[in-house]
Every structure is written in C-alpha cells, then in structure tokens.
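Here the structure comes first, spelled out in structure tokens, and everything after it is commentary.
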Amino acid sequence: MKKAVISIVVVLLTISTYAQQQNVYYDNGTLKVSGTKTNGVDTGIWNYYFENGKISKTGNYTNGKLDGQWKYYYDNGTLRIIGSYKNGKDVGLWKYYHNNGALRAIGDYTNGKQTGQWKYYHKNTSLRKVGRKEKGVDIGAWKFYDEKGTLIKVAIKLNDKKAIEAKINLYFEGSRTDNPDLLRKAFHPNATLKFINGNGDYTERTIEKFFSYFTNTKTRSFESKIYFIDVAGTTANVKLSTKYKTYQYIDYMNMLKTKEGWKIVSKISHKEFF
C-alpha cells in the first residue's frame, strides 16, 4: 500500500512539472531558437541564433520572465550588450559595445529605468558624452566630447515634468506681478484661451488678448497649485488653480514640446465663486 502511494505521488509530480525542449528552425534548416518550457512557460537557459548560425542572444528565464544575466551579440559574433534582469526588468550594471568590440555605453538600471551616471564612447574608445539619468531621462549637466577628447559643449537638461513645472511657474509669476513678458515665455505665440462665459456661451480669446489684461501696474495675491502633470512624448496636460479670496480659476493647460522647449498651446478655464 505504501509503495502504491509513493508511485501515485511520483506520477502527480511528473505531471505537475512537465518540461519539454523547444527548438525552432529557419527555413534553411539552421537552428533559430532553443530552450525549455515547463508547463508551457519559458524556463532555464534559452539561446537565439542568427540565420548564419552565430548566436544572437542567450540568457535565463524564470517563470516566463527574463532573469539573471543576458548577452546579446552582433551577427559577426561580437558581444553587443551584457546586463541582468530581475522579474523581467533591467537591473544593475549594463554594458553596450560597438560592432568593433569597443565599449559604446555603460551605466546602471533600477527597476527597468536608466539611473545614475552614464558614459558613452566613440568607436576609438574616447569618451563621447557623460551625465546623469533619472528614471531613463537625462538630467543635469551633460558633457559632450569629440573623438580627440576635446570638450565640445555642456548641456543642462531637465526632465520633462520639471521643465513643464518651470513654465507653469512663469505663468504663476507673470500673473502675480502683472507682467505680460513673463507670460509670453510660457505660452506659444498662437496659443488660445477658451472658457464658458457667465451666459453659458462658448468664448475664445487669442493669447495676445489675454496678455493685454496684464499691464505691469499691480500685484495680484492668490494661492497657486498644480494638481497633476501628465506627459506623453511631446504632449502634456496640466491641471492647476489660482485661488483668490472669493473665487478661483481652475485651468487645464495643453502643452507641446517645441524646438524652443515646452510651451502652453491652449488654456481652458473655469471660474468658480466661494
């Protein structure tokens, strides 16, 4: 009876951890992919190949997710990238190489995003640029060099949300100080102001008409607040308020990332009384 129970347990364990070798081939018969699936999920070491037979990439899967060290290659066999994953996301130190084998870039990832100092190199191994990243975005001072190692320029970079916040603060400060020149720095020249007036009618103003309300003759006192900044590529939407003693404006600013930086291209506004 005891032996029968043991046999049943062995059979059940075999069924519950069914592993199968997976091989995929190119039309010419050369191996394209080789690895193991356990219960239908990628697991263990997997190897991928170019059609010329050289390895394309190799690394480990755990429960179907990239895990541990992975290596990527050029089709001439030269190492292209080496780095590690955890639960499918890039982590730790990563190195990128030119097709001649020279280091192209080096830096760290945290939870799938580039972070900390990153360095980039020319094919002749001289430094090309260096700077810091925050969640995959260049920030702060970046230094650029030519192939002879001569410093070409230093660029100061803000992440998009900080750059947008700076433009919104120009809007706040221009409004407080009654300064149309500050406001012009925040808005695109073709921007519009739209709102529903007191009679319930749709109303639109040109941005120059809006600027005409500001004459450098007084100071406005209000509380300002940014509720959110939503960024998608070269577009952004910002919700903000300017709160006075008896009323406040709720504004939604639509913004675009132009060659001159982030600009407000439209402002829709709601005025409410307390």
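The values are calculated or read from the model by the stated rules, or taken from the named source; none is laboratory data. Keep in mind that this is a model prediction, so the values were computed, not measured. Reconstructed Cβ throughout: ideal geometry from the backbone, glycine too, with neighbour counts over all protein chains shown. Accessible surface areas use protein heavy atoms only, side chains included; no ligands, DNA or RNA. Shrake-Rupley method; radii C 1.70, N 1.55, O 1.52, S 1.80 Å.
Applying a threshold of 23 Å to the alpha-carbon distances of LYS157/LYS257; LYS54/LYS95; LYS65/LYS133; LYS185/LYS218; LYS65/LYS135; LYS89/LYS259 flags LYS65/LYS133; LYS89/LYS259 as lying beyond it.
Seen from all directions on average, region 81-238 presents a Cα convex hull projection of 14.5 nm². Note on surface exposure: PHE274, PHE195 rank PHE274, PHE195 by accessible area, highest first, 1.4 Å probe. Near TYR247, once Lys and Arg are set to +1 and Asp and Glu to -1 for all other residues with Cβ below 15 Å from its Cβ, the sum equals +2. When +1 charges are put on Lys and Arg Cβ atoms and -1 charges on Asp and Glu Cβ atoms, the dipole computed for the chain relative to its Cα centre reaches about 600 debye.
For the chain, relative contact order (Cα pairs under 8 Å, six or more residues apart, normalised by length) works out to 7 percent. The Cβ shell under 9 Å around LEU127 holds other residues with a net charge of +4, Lys and Arg each +1, Asp and Glu each -1. Largest GNM mean-square fluctuation across ARG205, ARG80, ARG184, computed for the chain with C-alpha springs under 10 Å, falls on ARG205.
The Rg/Rh ratio for region 40-128, using Cα coordinates for both the radius of gyration and the Kirkwood hydrodynamic radius, is 1.02. Accessible surface for LEU151 stands near 90 Å², nearest 10, in the context of the full protein assembly shown (1.4 Å probe).
Mind checking the per residue accessible area of the chain for me, 1.4 Å probe, whole number of Å²? Write down the numbers at each step before the final one.
Working: 16660 Å² over 274 residues.
With all protein chains present, the chain gives 61 Å² per residue.
Rounded to the nearest whole Hz, the Karplus-based 3J(HN,Hα) values (6.51 cos²θ - 1.76 cosθ + 1.60, θ = phi - 60°) of region 32-48 follow the sequence 9, 9, 9, x, 10, 10, 10, 6, x, 10, 4, 8, x, 6, 10, 10, 10, with x at glycine and proline. Measure nothing but the geometry: give the 0 to 90° angle between the long axis through the Cα atoms of 160-176 and the longest principal axis through the Cα atoms of the chain, rounded to 10°. Rounded to the nearest ten degrees, it is 10. The 1.4 Å probe gives accessible areas that order HIS98, HIS270, largest first, as HIS270, HIS98. Quick one: Debye curve from the C-alpha atoms of the chain, no solvent, what's log10 I(q)/I(0) at q = 0.15 Å⁻¹? For the chain at q = 0.15 Å⁻¹, log10 I(q)/I(0) is -1.10.
By a 1.4 Å probe calculation restricted to protein chains, GLU260 has an accessible surface near 130 Å², given to the nearest 10.
For region 76-146, what D do you get in µm² per second when you plug the Kirkwood radius from alpha-carbon pairs into Stokes-Einstein at 10 °C and 1.306 mPa s?
125 µm²/s
For region 95-110, 3J(HN,Hα) computed residue by residue from phi via the Karplus equation (6.51, -1.76, 1.60; θ = phi - 60°) reads 10, 10, 10, 6, 6, 8, x, 6, 4, 9, 7, 8, x, 9, 10, 10 Hz, glycine and proline entered as x. For THR258, the solvent-accessible surface with a 1.4 Å probe is about 40 Å², rounded to the nearest 10. Residues whose amide H lies under 5 Å from that of LEU66, counting only those 5 or more places away or on a different chain, are GLY88; hydrogens are built 1.01 Å from N in the peptide plane. Expressed as a whole percent, the accessible area of region 109-161 that falls on carbon and sulfur atoms is 50 (1.4 Å probe). With a cut-off of 12 Å between beta carbons, the residues surrounding TYR25 carry a summed charge of -1, where Lys and Arg count +1 and Asp and Glu -1. In percent, rounded to a whole number, the relative contact order of region 9-141 is 11, using alpha-carbon pairs under 8 Å and six or more apart.
Counting only alpha carbon atoms, the long axis of helix 2-16 and the longest principal axis of the chain meet at about 50°. Every helix of 4 or more DSSP H residues in the chain counts as -39500 (n - 2.57), and over all residues that averages to -5000 deg cm²/dmol at 222 nm.
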